[in-house]
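Asker: Here it is, the structure in full.
The values are calculated or read from the model by the stated rules, or taken from the named source; none is laboratory data. The structure displayed is predicted, hence computed values, not measured ones. No Cβ is skipped: glycine too gets one built from the backbone with ideal geometry, and neighbour counts run over all protein chains shown. When the accessible area is computed, the model is the full protein with side chains, heavy atoms only, and any ligands, DNA or RNA have been set aside. Shrake-Rupley method; radii C 1.70, N 1.55, O 1.52, S 1.80 Å.
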Amino acid sequence: MVRLRNNIILPLILVSAWFLVTKYEFFSPYLLPSPQKTFSVFWQLLLDGTIARHLSISLLRVLGGFFCSCLVALPLGILCGRSKRFHDFFWPVLEFLRHVPPLAAIPLIILWFGIDEASKLMVIFLASFFPLFLFPHCKLKVRPHIPFSHLHTAFSHRIILLPFLLSVFW
């Protein structure tokens, strides 16, 4: 009950301050519309389907960028975690790029990819690439190495590797 009360107090204070600031017109209504106006426009956009359309487009962008990032980052992380040769080849460049925030790269992304869907997908790709890359890479670095020659069947490395990678969720 205390936690629920604490979670409600701050939003109520913020909405009350917003109401008071707009009531006494500290800012122009054009710059800071009132809560009533904001919620009425929100309700109108919700009823006519505009918000649902924009949310579905945004969700498709996020899923597309994340999927592309999974296709590249997870195999690369597994390869770099399993093979010293791949690690030595890719790690210096990836370690350098890892520290560049995706938001700082937006001007370059717009120059390279334009202001179309590709640039939006690229920002999501960059934002999700390094967490997806580092998870299997770091997980496999601490795991004792089992040579592929010791595995009995052609696909048993997947049987061993997949549960190990998913063990963080259990």
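Asker: Quick one: if the Förster radius is 25 Å, what FRET efficiency do L111 and R61 give, using the C-beta to C-beta distance and rounding to 0.05?
Answerer: The calculated FRET efficiency here is 0.80.
Asker: In Å, the Kirkwood hydrodynamic radius of the range 1-62 over pairs of distinct alpha carbons?
Answerer: Result for the range 1-62, one decimal place: 14.0 Å.
Asker: Can you list, largest first and rounded to whole Å, the semi-axes you get for the range 59-132 by taking the square root of 5 times each eigenvalue of its Cα gyration tensor?
Answerer: Equivalent ellipsoid semi-axes, largest first: 24, 15, 9 Å.
Asker: Could you please state how large a percent of the accessible area of the range 1-124 is carbon and sulfur, counting protein chains only and using a 1.4 Å probe?
Answerer: Answer for the range 1-124 is 76 percent, counting heavy atoms of protein chains only.
Asker: What does the accessible area per residue of the range 39-132 come to in Å², with a 1.4 Å probe and no ligands, DNA or RNA counted?
Answerer: Accessible surface, normalised per residue, equals 69 Å².
Asker: At 7 Å along Cα-to-Cβ for each site, give me the label-to-label distance between L74 and E95 in nm.
Answerer: 2.7 nm
Asker: Would you please put 59-69, 127-137 in order of how densely packed they are, using the mean number of other Cβ atoms within 10 angstrom per residue and starting with the highest?
Answerer: Numbers: 59-69: 15.3, 127-137: 19.4.
The packing order, highest mean first, is 127-137, 59-69.
Asker: Checking the cross-link filter: which lysines have an alpha carbon closer than 17 Å to that of K84, excluding same-chain neighbours under 8 positions apart?
Answerer: K139, K141
Asker: Between S119 and S28, what FRET efficiency comes out of the Förster formula 1/(1 + (r/R0)^6) with R0 = 41 Å and r the beta carbon distance, rounded to 0.05?
Answerer: After rounding to 0.05, the efficiency reads 0.80.
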